[in-house]
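Enquirer: Next up is a structure, given as structure tokens.
The values are calculated or read from the model by the stated rules, or taken from the named source; none is laboratory data. Keep in mind it's a predicted model, so treat the numbers as computed, not measured. All Cβ positions, glycine included, derive from the backbone under ideal geometry; neighbour counts span all protein chains shown.
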Amino acid sequence: MKTIKILTLFIFSVFLLNVNSAEADLNYEPKLKLNDSKDRSSEIKKRDLEKAKKFHQQRTGEFFGASVDFQIGYGTTSPSVSERDNQKEINTKGKGGITFGALLNLNLFGLLNLTTGIDLINKKYDYGIPYVNDPLNTLDSTVNSVKNQYLNIPLNLNYSGMVSEKVGLSFSGGPYFGILLNPENAVNGFKDFDLGLNGILTGNYMLNPFMSVILGTKLQYGGLNNLLSSNTIEKVTLTNWDVFTGLRFGF
């Protein structure tokens, strides 16, 4: 009799355990609890931002890509004119003019950044040629007004980086080759090409991942090949300073 009671109690206990287990399975809610109080939205936003930055860098020049700067500006020319021996001093006066440019910034596999393109420069200035047969210095010098236009093609190395999330800064520098667009002046002694050095400092503000507003300045030293040589003039070199603005498009 005692054995039957024990067996009955055991069977009843097993039955209760199965019922509780079934109810637990029905009410089970699979939740992954890893510090539920922690806000992970900022981490997700940061991760997505880093992915977007990497994608933008790949498309606009950090790894392999390019961007184009369309520039419009105003520049001034400062001439340096050297006279031949035993001649009087030559006076000069610099002038200003509008400049245009379309420069390509090209990155090669993250190893080399180059800037090239076309740069239209107005080089305007006056220089005076003294009368050599006037020992008493009673006659004024003859003033020549120069209005030369050059199409410059730079070949620069480029160094660039981001100052903040939307503001970038770049510097490019190197030699350039200039073509005289009004070659009739070459008949008067001006050479029809110009060799020089240039440097360009550009800041950009990103409007979106593929377009920026740019603001910058450039400096050119031209006449390494001596722009003019005549009976009275030995050498002409030019220094141009320009400020510009425009848009940058990345692709």
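Conditions tested, residue by residue: (1) acidic (Asp, Glu); (2) in contact (Cβ under 8 Å) with a residue 12 or more places away in the chain.
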position	(1), (2)
ILE200	no, yes
LEU207	no, no
SER212	no, yes
GLN220	no, yes
GLU234	yes, yes
GLY246	no, yes
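Enquirer: Residue pairs, Cβ under 7 Å, 6 or more apart or interchain, first in the range 179-190 and closer than 20 Å to LEU224 by Cβ, second at pLDDT 75 or above and of a type in the set (Phe, Trp, Tyr). List them.
Expert: Once the first residue is closer than 20 Å to LEU224 by Cβ and sits in the range 179-190, its partners that are at pLDDT 75 or above and of a type in the set (Phe, Trp, Tyr) give ILE179/TYR150; ILE179/PHE193; LEU180/TYR150; LEU180/PHE190; LEU180/PHE193; LEU181/TYR150.
Enquirer: Taking into account only those residues within the range 176-206 that are under 18 Å from ASN122 (Cβ atoms) and small (Gly, Ala, Ser), which is modelled with the lowest pLDDT?
Expert: ALA186
Enquirer: Here is a list: PRO154, PRO175, PRO183. Which entry is under 28 Å from the mean Cα position of the chain (by Cα), closer than 22 Å to GLY75 by Cα and loosely packed, with under 14 Cβ neighbours inside 10 Å? Give the steps one after another, and end with the answer.
Expert: Working: PRO154 fails: loosely packed, with under 14 Cβ neighbours inside 10 Å; PRO183 fails: under 28 Å from the mean Cα position of the chain (by Cα).
Just a single option satisfies the conditions, and that option is PRO175.
Enquirer: Answer with yes or no whether GLY246 is at pLDDT 95 or above and touching an Asp or Glu at 6+ places or on another chain (Cβ under 7 Å).
Expert: Here the answer is yes, as GLY246 does meet what is asked.
Enquirer: Please go through the range 152-167 and pick out each residue that is in contact with a Phe, Trp or Tyr (Cβ under 8 Å, 6 or more places away or on another chain) and modelled with pLDDT under 95.
Expert: Passing the criteria: ASN158, TYR159, SER160, LYS166, VAL167.
Enquirer: May I pose another question? Which residue pairs have Cβ atoms under 7 Å apart, sit 6 or more places apart or on different chains, and have a first residue in the range 71-99 that is part of a strand (DSSP E or B) and hydroxyl-bearing (Ser, Thr, Tyr) and a second that is modelled with pLDDT of 90 or more and surrounded by fewer than 16 Cβ atoms within 10 Å (Cβ to Cβ)?
Expert: TYR74/GLY96; TYR74/ILE98; TYR74/VAL243; THR76/GLY96; THR76/TRP241; THR99/TYR74
Enquirer: Right, here's the next one. Among the candidates LEU112, LEU49, LEU120, LEU106, single out the residue that is under 20 Å from ARG248 (Cα atoms), at pLDDT 70 or above, exposed (fewer than 15 other Cβ atoms within 10 Å of the Cβ) and not charged (D, E, K, R). Spell out how you get there, then give the answer.
Expert: Numbers: LEU49 fails: under 20 Å from ARG248 (Cα atoms); LEU120 fails: exposed (fewer than 15 other Cβ atoms within 10 Å of the Cβ); LEU106 fails: exposed (fewer than 15 other Cβ atoms within 10 Å of the Cβ).
Among LEU112, LEU49, LEU120, LEU106, only LEU112 is under 20 Å from ARG248 (Cα atoms), at pLDDT 70 or above, exposed (fewer than 15 other Cβ atoms within 10 Å of the Cβ) and not charged (D, E, K, R).
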